[in-house]
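See below for the structure under consideration.
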Amino acid sequence: MAGGGDTVAQESKSARCKSPQLGGFRAHVTDTPASFGQDARRPFDGMPIPSRGRSTASGVDRISGLPEGVIHHVLSLLPAHDAVRTSVLARRWRHLWSFAPGLRVTGVKGWRSSDKFVDFVERLLSLRRGGATLEWFEFQLDPSDFDFKFRSYELAEELRGWIGRALGCNVRALRLSLEDINMADFRLGTPPLFSQHLTRLEVDRVRTMYSVLDLSGCPMLVEMKMEYCFIESDEMSSASLKKLTMIECDFRRETWDKRTRISLPSLTSLELTLRSGRAPLLGSMPSLESAIVSLNYGCEDYYKCDEDSYDGSQYYYKSDDDCTSCILLNGLSEATHLQLSSYSDVFVFSQDVKQCPKFTNLKTLVLSDWCFAADLNALICFLQHSPTLEELTLQLSELPECSLEQGNYKLLEPSYVSHHLKVVVIKCEEVDGKVQKILKTLSAYGIPVSILSALASPTARDKKIWDVIIPILKCTMNFVSVM
């Protein structure tokens, strides 16, 4: 670094000819923010030096002949530290990386300290601010990618700042992935997100804030995906969100008997797989078109089938639950397509059906073993409250049935079923007593059954799965099997 004000002034005049050090290479960067002070000419010093493999170049540069739009897209697929290095390739490449539509900040060994990595990300974001439109920004941080350890509280503070800076670049899609959820003491929503441009948000292995995850500061946000996240908020809310995907998420609140409330009135598509914790309380979703809800083994709303004295339902409505409404089904009642599955001892759906709302738009319905509750009354009640249903699919497993309570279901007249029902599909590993019971019950409620034939074919790993397709033709159903 040259010393003296005169030297700095002279060098700043010839910024286009000077080149900062870039991980052992020479790189040309112009229009560098003055806030970098005397380091303005060397914004990426300290980057890891890449290993030099044996060159196989033929001397023909075909990549540079590509249109700039194509090169920008290719650069957006590279980790940011590699995209920046391309500025040393040729004069034309000096600034191409800064016009890439996306940036991926990932870990890489060689930084030697967290300070150097943090400084790199800070400078990267500063150079992009006010520049070309940033379509997406991704932070993908894995502890194994670094040769140093972050202090979790320090990384959390940096992440909050980086996310704010990325939103300041008018980014439209933001993704944050922490391979270790304990890598940072970071909580989504602290501080609240604010952006007039963000339309898509993806988070992986991230915790949410304790109180309210309020996304109202992002009025253009329409799609959100959460994978393996810890939902610890009292409430999640957004007036604009249309598509929500939550895969293998844990719902954990400070007080066990509280549920997370989800208030998304504009939602049209929901996919929710609960790995553990208590099922959330869904608010009204009048625009909902399709929903897939799966309550896995770790769901804590369950019966202990081996303890006769235990009544799991005593914990169903607790504290913040409304005893006169449903936990899930009220919020799903406007859907056209529904898939509801849970372990047979998880009682959320079977309890909800007791307060069953009308599913006036429902066309296709997929249910699992939970519908056997109360001698199939749960299934019949659901069917009777779905007057426009056209297709029903039942997915049966070989898991032992739990002794569910009988309960009181709002059954209508035995002959009252949907006149629009065209086909019933039963997926099972063998045509056993369960299937026979279903057919007998459907027949008792006005859907006569005629079994014509049955075939089975092996699937993957020699496991036999039967698809029992029962088309509804006036007063007759045909039973066949296809794969």
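Here are some notes:
- Residue within the range 205-227 that is under 25 Å from residue 288 (Cα atoms), among the polar types (S, T, N, Q) and not in a helix (DSSP H, G or I) present: yes
- Residue check for residue 160: under 24 Å from residue 78 (Cα atoms), within 24 Å of the chain's Cα centre (by Cα) and in a helix (DSSP H, G or I): yes
- Considering each residue of the range 136-153 in turn, at least one proves to be in a loop (DSSP other than H, G, I, E, B) and either within 24 Å of the chain's Cα centre (by Cα) or among the small types (Gly, Ala, Ser) (or both).
- Just so you know, in the range 346-362 the residues that are open to solvent by less than 10 Å² (accessible area, probe 1.4 Å) and β-branched (Val, Ile, Thr) include one that is farthest from the chain's Cα centre (by Cα), and it is 353.
- Residue in the range 396-419 that is at pLDDT 80 or above and within 29 Å of the chain's Cα centre (by Cα) present: yes
- Total residues in the range 297-331, condition open to solvent by 20 Å² or more (accessible area, probe 1.4 Å) and modelled with pLDDT of 90 or more: 1
- Enumeration of residues in the range 69-84 that are buried (at least 22 other Cβ atoms within 10 Å of the Cβ) and touching a strand residue (DSSP E or B) at 6+ places or on another chain (Cβ under 6 Å): 80
- Any hit, the range 191-200, residues being assigned to a strand (DSSP E or B) and either closer than 23 Å to residue 243 by Cβ or open to solvent by 40 Å² or more (accessible area, probe 1.4 Å) (or both): yes
- Considering the conditions (1) surrounded by fewer than 19 Cβ atoms within 10 Å (Cβ to Cβ); (2) in a loop (DSSP other than H, G, I, E, B), residue 119 is excluded by exactly one of them, (2).
- Against the conditions (1) of a type in the set (Phe, Trp, Tyr); (2) under 30 Å from residue 69 (Cα atoms); (3) surrounded by fewer than 18 Cβ atoms within 10 Å (Cβ to Cβ), residue 137 satisfies every one except (3).
The values are calculated or read from the model by the stated rules, or taken from the named source; none is laboratory data. If you're wondering where the values come from, they're calculated on a predicted model, not measured in any experiment. In this analysis, Cβ positions are derived from the backbone assuming ideal geometry, glycine residues included, and neighbour counts consider all displayed protein chains. Please note that ligands, DNA and RNA were not included when accessible areas were found on the heavy atoms of the full protein model with its side chains. Shrake-Rupley method; radii C 1.70, N 1.55, O 1.52, S 1.80 Å.
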